[in-house]
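Right, one structure below, let's go through it.
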Amino acid sequence: MSDKTKKLDLRGEKCPFTLIHTREPIEQIKEGEILEILIDYVPAIETIGQLAFKHNLKFDFERIDDYVKLTLRK
Amino acid sequence: MTKIDYDDLKRGGIIQQRDSDYVILRIRNIAGRVDSDNLAKIGEIAEKYGKGYVRCTTMQGIEIPWIKFDDLSKVRKELDDAGILHGACGPRVRTIMSCPGSSLCKYGLFDTTKIAKKLDDAFFGKEKIKHKTKISVTACPNSCALPRAHDIGLIARLDMEFDESKCTGCGLCAEICKRKAIEIVDKKATITWEKCNYCGKCPNTCPFKAWKATRRGFDIYVGGRMGGEAQLGQLAMHFVPETEVIDAIQKCTDVLVNHAKDGERLSTFINRVGFEWFKERIE
Ligand code: SF4
Ligand code: SF4
Ligand code: SF4
């Protein structure tokens, strides 16, 4: 299971790097795969949400202290 | 002796420079758009007749300074031949400003550049309006083209419906809402409508499509201005559909034309007659 989970720690990153680092991994998620993103820059959270929306991905969102964990799956 | 073409001068877009041998030529770009061939031509003119530079105006236009009075007719003809539009000055409806709108910006609820073009066709330079009137259109409440700093400002809004059964309580909408209008209560999004400014982010972001867009339209603000007497426009009409925007603006300018004193701008006029008085006449 764990080999199907990809993790991206983007805490401290801001636009446009948040998008540069997430665009391809999000587009490449395959059936059964999970992409976990840690991020603390709110406008980027929104952009990733919109990407998930566009690619019809399942989406979990969890706030942990001063950052959030986004879990995307197909 | 230079021959001066007064009819040409009346078309506007010429500003006397501090040094009276020179003028600034103002070019208007509807919704801030400049096509690349025009941009090249403008550069060429600045190089040939000016001092090799241009200025960008706050009204999304371009100005070419240091044009000699003697060259004026020649330069104006070159601009005309290229289809480049002369700017406006004086007591007229000015170039319509717009934010990039939905074709470029992810927050855009309308293609405001197209709407600006329609408004330009309907209102630009209208002689009947003997007052400086600035109009700006923006595609979401972020208001990047400063609509409330204009005599007439349009701000796009999106209304929505909530389908609780689709909401997983993920919290994304609560996190991204700048107005803090949403809280997650018992694993469901709960909205306080009074705080929502209908920016359209929820329906365009929720990964579970729990928010559904219902209607979209423009809030119209009137009486804003910058300058020494700066003030923000006030909300005169709510959720005007795209198809009714021209009529709505026409109503505002009709009241101005019929009731304002000479030289009175929409802001000064509304301050004198009162906002409620004005609002009654456009309803
Ligand atoms: S006003 Fe809204 S739609 Fe227009 S550019 Fe700004 S953020 Fe984008
Ligand atoms: S983003 Fe959608 S699913 Fe998540 S809490 Fe908001 S409405 Fe519910
Ligand atoms: S539509 Fe309303 S609730 Fe949703 S993000 Fe915009 S202001 Fe907040």
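Brief remarks on what is shown
- Partners of B:Lys251 within straight-line reach, counting lysines whose Cα lies under 16 Å from its Cα and excluding those fewer than 8 residues away in the same chain: B:Lys126, B:Lys128, B:Lys130, B:Lys134, B:Lys279.
- Using a 1.4 angstrom probe on protein heavy atoms only, the contact between A and B buries about 1300 square angstrom of accessible area, both sides summed.
- Paramagnetic label zone (point 7 Å from Cα along Cα-to-C-beta, B:Ala40; backbone N under 14 Å) in region B:75-103: B:82
- With a 1.4 Å probe rolled over the protein heavy atoms of all chains, the accessible area of B:Glu175, B:Glu183 falls in the order B:Glu183, B:Glu175, largest first.
- Dipole magnitude of chain A about its Cα centre (Cβ charges: Lys, Arg +1; Asp, Glu -1), debye to nearest 20: 240
- Over all pairs of different C-alpha atoms in chain A, the reciprocal of the mean inverse distance, the Kirkwood hydrodynamic radius, equals 12.1 Å.
- Using the rule -39500 (n - 2.57) for each DSSP H run of four or more residues, divided by the residues of chain B, the 222 nm mean residue ellipticity is -8000 deg cm²/dmol.
- Rg and Dmax [Cα atoms of chain B; Å; Rg one decimal, Dmax integer]: 22.3, 83
- Helix-derived mean residue ellipticity, 222 nm - over chain A, DSSP H n ≥ 4, -39500 (n - 2.57), to 500: -10500 deg cm²/dmol
- Computed log₁₀ I(q)/I(0) - Debye formula, equal Cα scatterers, no solvent, region B:20-122, q 0.11, 0.25 Å⁻¹: -0.37, -1.36
- Evaluated over the protein assembly as shown, the Cα radius of gyration and Dmax, each in Å: 25.1, 88
- For region B:76-133, the equivalent ellipsoid built from the Cα gyration tensor has semi-axes of 25, 17, 9 Å, listed from largest to smallest.
- Shielding by partners for peptide A:40-47, expressed as the average number of C-beta atoms from other protein chains within 10 Å of each residue's C-beta, is 3.
- Dipole magnitude for chain B: computed about the Cα centre from +1 point charges on Lys and Arg Cβ and -1 point charges on Asp and Glu Cβ, it is near 380 debye.
The values are calculated or read from the model by the stated rules, or taken from the named source; none is laboratory data. What you are looking at is a predicted structure, and each value in this text was computed from that prediction instead of being measured. Here Cβ is always computed from backbone atoms with ideal geometry, including for glycine, and neighbour counts include all displayed protein chains. Side chains are part of the model used for accessible areas, which takes the heavy atoms of the whole protein and leaves out ligands, DNA and RNA. Shrake-Rupley method; radii C 1.70, N 1.55, O 1.52, S 1.80 Å.
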